[in-house]
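Structure first, commentary second.
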Amino acid sequence: MNRLTFYSYPSCTSCRKTKKWLKANHVSFDERHLFKDTPNEEELKRILELTTEGMDEVLATRSEAYKKLNVNIDEMMLSDVLHLLTNEPKLLRRPILIDGEKLVIGYNEDALRNLVSHNSELKMSI
């Protein structure tokens with residue numbers, strides 16, 4: 001099992017709620033600032049592989065960055081989309097949590113519980 005990676009942005013309400021939940025439940029994680037330590041193309045590819053809804057699950061379609069896009073992502077090649085997302089991380093929904101096998105996007109307590117129960121190694125020893 002891999003360690004939990006938590007991509008977050010400090011001013012994001014969902015990120016703060018998720019971080020509070022992780023700490024309250026003694027979950028061990030590596031936090032990465034989504035805009036300063038953006039997932040690389042390989043990491044984004046793995047995130048997309050773990051989605052159930054594909055690109056729709058990871059895109060922040062209500063964000064200003066998305067609204068200003070003058071491209072149709074559905075018509076782009078995957079390599080171009082990955083390149084775009086690494087250069088424009090504001091297009092990504094947040095937070096993103098991944099343990100290498102499971103993925104949670106956004107604040108979702110049930111999904112967080114499922115992720116932690118799936119990977120008992122994430123629990124910190126108290």
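For the reader, a short list of remarks on this structure follows.
- Placing +1 on the Cβ of every Lys and Arg and -1 on the Cβ of every Asp and Glu, with no other charges, gives segment 16-82 a dipole of roughly 700 debye about its Cα centre.
- Reported value for segment 31-88: 96 Å³ per residue, from the convex hull of its C-alpha atoms.
- Entry comment: accessible area of the chain is 59 Å² per residue, from protein heavy atoms only and a probe of 1.4 Å.
- Within the accessible area of segment 1-80 (1.4 Å probe), percent carbon and sulfur: 45
- Helix 109-118 and the long axis of the chain differ in direction by around 70°, with both axes built from C-alpha atoms.
- The angle between the Cα long axis of helix 78-87 and the main principal axis of the chain comes to about 70°, on a 0 to 90 degree scale.
- Placing one equal scatterer on every Cα of the chain and applying the Debye formula, the log10 ratio I(q)/I(0) at q = 0.10, 0.11, 0.12, 0.19 Å⁻¹ is -0.30, -0.36, -0.43, -1.04.
- A cut-off of 5 Å between modelled amide H atoms, ignoring neighbours fewer than 5 places along the same chain, links residue 27 with 124.
- An ellipsoid equivalent to segment 52-126, defined through the eigenvalues of its Cα gyration tensor, has semi-axes of 29, 13, 11 Å when rounded to whole angstrom and sorted largest first.
- Acute angle (nearest 10 degrees) that the helix 41-50 long axis makes with the longest principal axis of the chain, alpha-carbon atoms: 70
- Charge dipole (debye, nearest 20) of the chain; +1 at Cβ of Lys and Arg, -1 at Cβ of Asp and Glu: 780
- Amide H contacts under 5 Å for residue 32: 6, 7, 8, restricted to partners 5 or more places along the chain or on a different chain, H placed in the peptide plane at 1.01 Å from N.
- Partner lysines whose Cα lies under 24 Å from the Cα of residue 36, excluding those fewer than 8 positions away in the same chain, are identified as 17, 19, 20, 23, 45, 67, 68, 90, 102.
- For segment 1-41, the residue among 4, 40, 28 whose Cα projects farthest onto the positive side of the dipole built from Cβ charges is 28.
The values are calculated or read from the model by the stated rules, or taken from the named source; none is laboratory data. Computed from a prediction, not measured in an experiment: that's the story for all the values here. Using ideal geometry, Cβ is built from the backbone for each residue, glycine included, and neighbour counts are taken over all protein chains shown. Areas reflect the complete protein model, heavy atoms only, side chains present, ligands, DNA and RNA absent. Shrake-Rupley method; radii C 1.70, N 1.55, O 1.52, S 1.80 Å.
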